[in-house]
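Colleague: First the structure, then my questions, so here it is.
No lab work stands behind these numbers, since they all come straight from the coordinates. Model, not experiment: these values are computed from the prediction. Neighbour counts run over all protein chains shown; Cβ positions are idealised from the backbone, glycine included.
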Amino acid sequence: MNLKEYLKKEKISQTEFAKKANISRQLLYWHLKNPGQPWSHKGAEKIVMAIYGEPIREKIVDLILGDHEK
């Protein structure tokens, strides 16, 4: 999952997405600047819920393992 492409495609700012996902903007910014860094389980779940509206296990695992490009 490429978050940068998602934000650009949806025309949503980092701040708006961080609010939607209920995470800090600084945390989102850091992960966007350091692609491949793993998310915590809680953070990954929030990101996936904000994008897909449901907890898709494989997408959560991708973020936890640091595979942001899927």
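Colleague: Taking the stretch 23-66 on its own, how many of its residues are over 10 Å from the mean Cα position of the chain (by Cα) and touching a residue at least 60 places away in the same chain (Cβ under 8 Å)?
Modeller: Residues that pass the stated criteria total 1.
Colleague: Another question, if that's okay. Considering every residue within the stretch 55-67, establish whether at least one is touching a helix residue (DSSP H, G or I) at 6+ places or on another chain (Cβ under 9 Å), small (Gly, Ala, Ser) and part of a loop (DSSP other than H, G, I, E, B).
Modeller: no
Colleague: Sticking with this one: Taking the condition touching a Lys or Arg at 6+ places or on another chain (Cβ under 8 Å), assigned to a helix (DSSP H, G or I) and within 16 Å of ASP62 (Cα to Cα), does ALA50 pass?
Modeller: Details: touching a Lys or Arg at 6+ places or on another chain (Cβ under 8 Å): yes; assigned to a helix (DSSP H, G or I): yes; within 16 Å of ASP62 (Cα to Cα): yes.
Yes, satisfied.
Colleague: Give the stretch 1-22 a look and list any residue that's in contact (Cβ under 8 Å) with a residue 40 or more places away in the chain and part of a loop (DSSP other than H, G, I, E, B), or say none.
Modeller: Pass one, the stretch 1-22, residues in contact (Cβ under 8 Å) with a residue 40 or more places away in the chain: 1-3, 6.
Within the stretch 1-22, MET1, ASN2 meet the criteria.
Colleague: Now for a separate question. Considering each of GLN37, GLN26 in turn, give the residue that is exposed (fewer than 15 other Cβ atoms within 10 Å of the Cβ), at negative phi and assigned to a loop (DSSP other than H, G, I, E, B).
Modeller: Working: GLN26 fails: assigned to a loop (DSSP other than H, G, I, E, B).
Being exposed (fewer than 15 other Cβ atoms within 10 Å of the Cβ), at negative phi and assigned to a loop (DSSP other than H, G, I, E, B) holds for just one of GLN37, GLN26, which is GLN37.
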